[in-house]
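As structure tokens, the structure follows; a few thoughts come after it.
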Amino acid sequence: MADPRVVIVGATGAVGKVLLQVLEERDFPMQSLRLCASPRSQGKKVLFRGKEIVIEEANAKLFSECDIAFVAAGGSTSRALDPIAAANGCTVVDKSSAWRMDPTVPLVVPEINGADVEWHRGIVSVPNCSTTQMVMALWPLHRVNPIKRVVVDTYQAVSGTGAAAVDELEEQTRQIVEGRPLTREVYPHQIAFNALPQVETFTENGYTTEEMKIFRETRKIFHDESIKVSATAVRVPVTVSHSEALHVEFERPMPVDEARRLLSAFPGVTVVDDPASSAYPLALDAAGKDDVFVGRIRQDISAPNSLAMWVVSDNLRKGAATNGVQIAEELLKRKALLRHRATAAG
Ligand SMILES: NC(=O)c1ccc[n+]([C@@H]2O[C@H](COP(=O)([O-])OP(=O)(O)OC[C@H]3O[C@@H](n4cnc5c(N)ncnc54)[C@H](OP(=O)(O)O)[C@@H]3O)[C@@H](O)[C@H]2O)c1
């Protein structure tokens, strides 16, 4: 197959901008690249590899002229556009939560379940950013010593909410420093100099939708309905990179040295763990990088066969854009686009 024709829907957003960088950095093979956003941005120009690309409307005709669509434009846009793209022979790599728990849609972290792209029917979902970094730190351990239960507390960056939330944190910080009245649009409370124990909306069981995504998506990615996950998701005034405190219970004892060895050997994971020199993963250090960083690995003294650790990753890269591009690479490697095109045509 010739190099694929690619479109990004949501190219002007927080994830879309990083997608452009990642496609360029990884030298992703492309015959052409088209960019779409909301009607507000149509007609604007974006620079890619030194060339200006005009933002277009995403519609059936455009999708019929593309092979892969990266869709990063929110759940309602995904629900409206992805089926149109798929029906027109364009395989969708979707960043939203619209299809993640749909049993006909693979939910993929390529280092863990890359083979799942094989059974897609036109849409492959990228997991939630908090889920992705957590499963990257759990999988190398789980596959040798099954995990029974995980308790995770997240410290999530505002860029996880999108470009408007980054603006809100910066503006509120300026307003406070300059003694001006505070404005607030994105979050239910002031985010600058604060920590909000609410990411997304509350569900009937008291957990938020974000916390329930971490629980459900982990099971789907691992193909294991027995793992128990309890999450508390917290928004913090950090621009990029989510941090997570994990408490993990295994079937059998898991020595700290063994965990360090298994994690260090896993592609996409870097262990930063030297407490004596205050070396541990930091949000600022992880920003702009693709790896998931793990440190503070220690026996959890509150339960048998348990470890505690600290996991940090750039939510816009491995949490969204990089994982999406890796999925597209997996689709190409497994010739899963070709098969899909043949199905849509026939
Ligand atoms: N941020 C993260 O860390 C992260 C991680 C994983 C997944 N995600 C998911 O990725 C998606 C994008 O998130 P984001 O943070 O990049 O949001 P964002 O910064 O708010 O950007 C949204 C993008 O979608 C475009 N858009 C809005 N309505 C559209 C429509 N009707 N048709 C076409 N394009 C439309 C916007 O265009 P305009 O600029 O013209 O408004 C913009 O390019 C969301 O589904 C989010 O849940 C985000």
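Could you check how many residues of region 71-89 are of a type in the set (A, V, I, L, M, F, W, C) and within 6 Å of the ligand (Cβ to nearest atom)?
We begin by selecting, within region 71-89, every residue of a type in the set (A, V, I, L, M, F, W, C); these are 71-73, 80-81, 84-87.
Subsequent filtering for residues that are within 6 Å of the ligand (Cβ to nearest atom) retains 72-73.
Residues in region 71-89 being of a type in the set (A, V, I, L, M, F, W, C) and within 6 Å of the ligand (Cβ to nearest atom): 2 in total.
Scanning region 143-190 for residues that are crowded, with 16+ Cβ neighbours inside 10 Å, within 16 Å of the ligand (Cβ to nearest atom) and not hydrophobic (A, V, I, L, M, F, W, C) yields THR154, TYR155, GLN156, SER159, GLY160, THR161, GLY162, GLU168, GLU171, TYR187.
Candidates ARG339, ARG298: the one that is away from the ligand (no atom under 16 Å from the Cβ), at pLDDT 95 or above and among the basic types (Lys, Arg) is ARG298. Taking region 15-74 as the range and being among the charged types (D, E, K, R) and at pLDDT below 95 as the test, the residues that pass are ARG49, LYS51. Within region 10-60, if we keep just the residues that are in contact with a Ser or Thr (Cβ under 7 Å, 6 or more places away or on another chain) and within 9 Å of the ligand (Cβ to nearest atom), the residue that is nearest to PRO83 (Cα to Cα) turns out to be ALA37.
Residues considered: GLY43, GLY75. Of these, the only one that is surrounded by fewer than 17 Cβ atoms within 10 Å (Cβ to Cβ), over 20 Å from LYS335 (Cα atoms) and more than 19 Å from the chain's Cα centre (by Cα) is GLY43. Within region 94-139, if we keep just the residues that are polar (S, T, N, Q) and more than 13 Å from the ligand (Cβ to nearest atom), the residue that is surrounded by the fewest Cβ atoms within 10 Å (Cβ to Cβ) turns out to be THR104.
For PHE222, indicate whether it is buried (at least 19 other Cβ atoms within 10 Å of the Cβ), touching a His at 6+ places or on another chain (Cβ under 8 Å) and within 19 Å of ASN145 (Cα to Cα).
Values: buried (at least 19 other Cβ atoms within 10 Å of the Cβ): yes; touching a His at 6+ places or on another chain (Cβ under 8 Å): yes; within 19 Å of ASN145 (Cα to Cα): yes.
Yes.
Among the residues making up region 46-72, a single one is surrounded by 23 or more Cβ atoms within 10 Å (Cβ to Cβ) and farther than 24 Å from ALA2 by Cβ: ALA72.
Of ALA163, ALA157, which residue is more than 30 Å from LYS335 (Cα to Cα), assigned by TED's automatic domain parsing to the domain that holds LEU307 and at pLDDT 95 or above?
Details: ALA163 fails: at pLDDT 95 or above.
The conditions single out ALA157.
Give me the strands (runs of 3 or more DSSP E) completely within region 1-99, filtered to those with at least 3 residues that are free of Cβ contacts under 8 Å to residues at least 24 places away in the same chain, ordered by residue number. Output list reads 51-56.
The values are calculated or read from the model by the stated rules, or taken from the named source; none is laboratory data. Predicted, not measured: the structure shown is a model, and the values here were computed from it. Backbone-built Cβ (ideal geometry, glycine too); neighbour counts: all protein chains shown.
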